[in-house]
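To start, the structure under review is shown below, and the notes come after it.
Only the coordinates and a few stated rules stand behind these numbers; no lab work does. Since this is a predicted model, take the numbers as computed values, not measurements. Quick reminder, even Gly has a Cβ in these numbers, built from the backbone with ideal geometry, and neighbours come from all protein chains shown.
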Amino acid sequence: MDLSEEPLSALFNHLIRLHRQRASEIFAMHGLYAAQPYILKILRRNNGQSQNEFVEKLKLRPASISNVLKRMEKAGLIYREKDDTDHRITRVYLGEMGQEVLSEVDAAFETIREQWFKGFTAEEKILLRRFILQMCENLSEGLGVFKCHCCKL
């Protein structure tokens, strides 16, 4: 497939599809699917998140998050408990298996990062970061509360 004459937006779409496909393959080798690796990483940073906090952070529908969490709970990656002060809220915590899998998740993310930037110099990565942040800022103008979390320029 020759993409050399495609508009940049089409190239970005192709790149994102490739990233998702490669990430899915790598995570599947570790028995993880869809949002599971991201949920584990979020819980490592801040254990005890609510389902709504995952909805906000991952920009997924509540039903999708609920399904992912059910599968993760069944696999022993997480467990859920009612909030101590507000029993309407259920908190999600890393389970024993989830803690064990995190080193594999880190290795998988590192493999993906290495593939993304294979052949890039440090200067090229810095320049690319600046371009991407500028594009995020450009696209998030006027989005209000939905502004991209990476655009804190």
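Odds and ends about this structure:
- Measuring spread by the Cα atoms of region 8-116 yields a radius of gyration and Dmax of 15.0, 50 Å.
- Percent of Cα-Cα distances greater than 13 Å, calculated over region 31-86: 59
- Helix 8-28 axis, angle to the chain major axis (alpha carbon atoms, nearest 10°): 40
- Region 101-122 residues near the modelled Ala75 label - backbone nitrogen below 20 Å, point 7 Å along Cα→Cβ: 101-113
- Relative contact order for the chain, counting Cα pairs under 8 Å that sit 6 or more residues apart, in percent: 18
- When the charge dipole of the chain is built from unit charges on Cβ atoms (+1 for Lys and Arg, -1 for Asp and Glu) and taken about the Cα centre, the candidate among Gln115, Met97, Phe27 whose Cα reaches farthest toward its positive end is Met97.
- Length gained on full extension, Ile132 to Asp83: 13.8 nm, using 0.36 nm per residue less the C-alpha separation.
- Cα centroid separation - region 1-69 against region 81-106, whole Å: 19
- Virtual spin-label span in nm between Asp106 and Glu6, 7 Å along Cα→Cβ: 3.5
- Comparing mean-square fluctuations of Ser50, Ser140, Ser64 from a GNM of the chain with C-alpha springs under 10 Å, the top value falls on Ser140.
- Nearest-ten-degree value, helix 62-74 long axis tilted from longest Cα axis of the chain: 60
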